[in-house]
């Protein structure tokens, strides 16, 4: 945003400002004060954008066409519009303002479109793969509060893509795989077998994909494992563990979900290395990672 | 926009600002400098909005659903999204920045969704009604430049709704009515018979209509007659003549199209008053208005 007014003359600036004030004034009779606040702020920022870039009428038409196409393609899950919000960092900014930093509590990141309720429950040491293909990965950690005290019985939802970069819900066969929930123990500890996360692109066959291409951006996400941790008295944590060393970390995550504190060392194990729990790995390579979760109190 | 940062702490503000800068940086490799400029500005203003109102996750979901519905309903003419832009004043602001004030040249306003090319040509004194119902209205004026010199041969496109508030293209029967074009004479003069404009609402049966209702706004437009005037060497003028005395002027135009300089006195004539051109009005009431058009030079 510039400090100088973008209009060519004081007269012109006055006309443009006057229009903004007329629109804001039109919300004066709104009975819902929050809606009035949101619409007034939206109006000011939308107009500031149009004024600053001196949006041409052809660009305006392009924007309308783009949104119409995205809306038509959005489907029941509104995925193309969620994606647009994601690649503009708007989803992540919404996460940020709703999950303000609290001491050293684990940072939040985007939920993404692939969380579903009713995941299968697994015990400590259980396997969430459910037939999904990929390199086995032992995941362990603790759930504590910001004083370091264990949080027992926290519900830990975990979900991830298979080695082809697809979540179970992206297959048409109704499979449930690569997702589960478990609970932290009395000492706050938890552990399970998952899959080492792989890299995959966000869907890029629609208008958002064309936008990414036009601006020279990759649709690729940094490798990650999704978490949602809930426990009474604590702020629900939606986050992801990212894979240290993924080259995409340097190139950038397409939805701006990465926080340095969430990048974790996945220690790859040679074939034949015994599993930590005595699991028979049939000579496969496997990996392991520690992800300690620190919950902020409910505000 | 507030001067104080909306975040609760300097740390939190730094995170939120950092995210904005990451998203802006993601456009650094965009080969098209204008696209980079537009996307960077859009990102800054979109994030400033989210940060300022501390948009909740539920509000974010509501916004996504709203845009998805508007996109689905937009149709080939993208009308629901144009309407959204209209009622937020974004269409009018786009007009404003693309038609900067120039001396006392006639001010521009929104085109609206009902302009079509290939309107019928009429001579001076001809009638554009084409069977559309309404009170006859004699319209006359001149087309000049800002020095007052006549602009001969300017193409004047005129279109308007009938007394039911509908444009010809809103009927399914393919009628062409309430629209025409004519040319200014050697002295810049023009005149024609049209209809006295009536009031009508913008379409309000979709999500934009629900938004207007939620914020306590009327969908009604101020009574108006559309003009588009083109002449070589001059900036194309898209404008409207508004009816002085329309109560909606006080209540507000739903698309913010009104400029004081465009409000014109329509002089209503008693039944039996002879027409200015000797037209036989069969004892009907009629009206008359003068609309002098001043064109800015092509920049």
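What follows is calculated from the coordinates using simple rules that are stated; it is not laboratory data. All figures in this text were calculated on a predicted structure; none of them were measured in a lab. No Cβ is skipped: glycine too gets one built from the backbone with ideal geometry, and neighbour counts run over all protein chains shown.
How far apart are the residue B:56 label points across copies, placing each 7 Å from Cα toward Cβ, in nm, shortest first?
4.2
Considering Cα pairs under 8 angstrom that are at least six residues apart, work out the relative contact order of segment B:1-67 and quote it in whole percent.
37
Shape verdict for segment A:193-299, please, from the Cα gyration tensor: rounded (a/c under 1.5), prolate (a/b greater than b/c) or oblate.
Oblate, because a/c is 1.5 or more while a/b does not exceed b/c.
Taking only Cα atoms and a 10 Å spring cutoff, compute GNM fluctuations for chain A and point out the largest among A:184, A:40, A:254.
A:40
With a Förster radius of 30 Å, plug the Cβ-Cβ distance of residue B:56 and residue A:127 into 1/(1 + (r/R0)^6) and report the FRET value to the nearest 0.05.
0.25
Per residue of A:28-35, how many C-beta atoms from partner chains lie within 10 Å of its own C-beta, taken as a mean? If you can, show how the numbers build up before the last one.
Details: counts 3, 4, 4, 3, 3, 0, 3, 5.
Mean shielding by partner chains, rounded to a whole number: 3.
Cα-based Rg (one decimal) and Dmax (whole number) for the protein assembly as shown, in Å?
30.4, 105
Roughly how tilted is helix A:33-53, in degrees to the nearest 10 and between 0 and 90, from the longest Cα axis of chain A?
Value to nearest ten degrees: 70.
With r defined as the distance between the Cβ atoms of residue A:249 and residue A:5 and R0 fixed at 41 Å, what FRET efficiency is calculated, to the nearest 0.05?
0.55
Shortest first and in nm to one decimal, what separations exist between residue A:175 and its copies in the other chains, measuring from label points 7 Å along the Cα-to-beta-carbon line?
Label-point separations across copies, in nm and ascending: 6.1.
Using only DSSP helix segments of four residues or longer, with each worth -39500 (n - 2.57), what per-residue ellipticity at 222 nm results for chain B after dividing by its residue count and rounding to 500?
After summing the helix terms and dividing by the residues of chain B, the value is -8500 deg cm²/dmol.
With labels modelled as points extended 7 Å from the Cα through the Cβ direction, what inter-label distance (nm, one decimal) is found for residue A:21 paired with residue A:116?
Spacing of the two 7 Å Cα→Cβ label points: 5.5 nm.
What do you get for the angle between helix B:10-25 and the principal long axis of chain B? Use alpha-carbon atoms, 0 to 90 degrees, nearest ten.
In chain B, helix B:10-25 runs at an angle near 60 degrees to the longest axis.
For segment B:6-55, count the residues as N, evaluate 2.2 N^0.38 Å, and divide the Cα radius of gyration by that value, please.
The value comes to 1.25.
Rounded to whole Å and sorted largest first, what semi-axes of the equivalent ellipsoid does the C-alpha gyration tensor of segment A:117-186 yield via the square root of 5 times each eigenvalue?
The three semi-axes for segment A:117-186 are 26, 12, 10 Å.
Tell me which A residue has its C-beta closest to the axis rotating A onto B, and the distance in Å?
For the rotation taking chain A to chain B, the closest Cβ gives A:71, 1.
How high is the relative contact order of chain A, in percent, counting Cα pairs under 8 Å that sit 6 or more residues apart?
Relative CO of chain A lands at 19 percent.
Taking a label point 7 Å out from Cα toward Cβ, give me the nm distances from residue A:121 to the same spot in the other copies, shortest first, one decimal.
Once sorted, the set of distances for residue A:121 reads 8.2 nm.
Once each part is reduced to its C-alpha centroid, what is the distance from segment A:100-120 to segment B:187-248 in angstrom?
Each part's Cα centre sits 49 Å from the other's.
Considering just Cα atoms, how many Å³ per residue does the convex hull of segment B:83-295 enclose?
Here the figure is 123 Å³ per residue.
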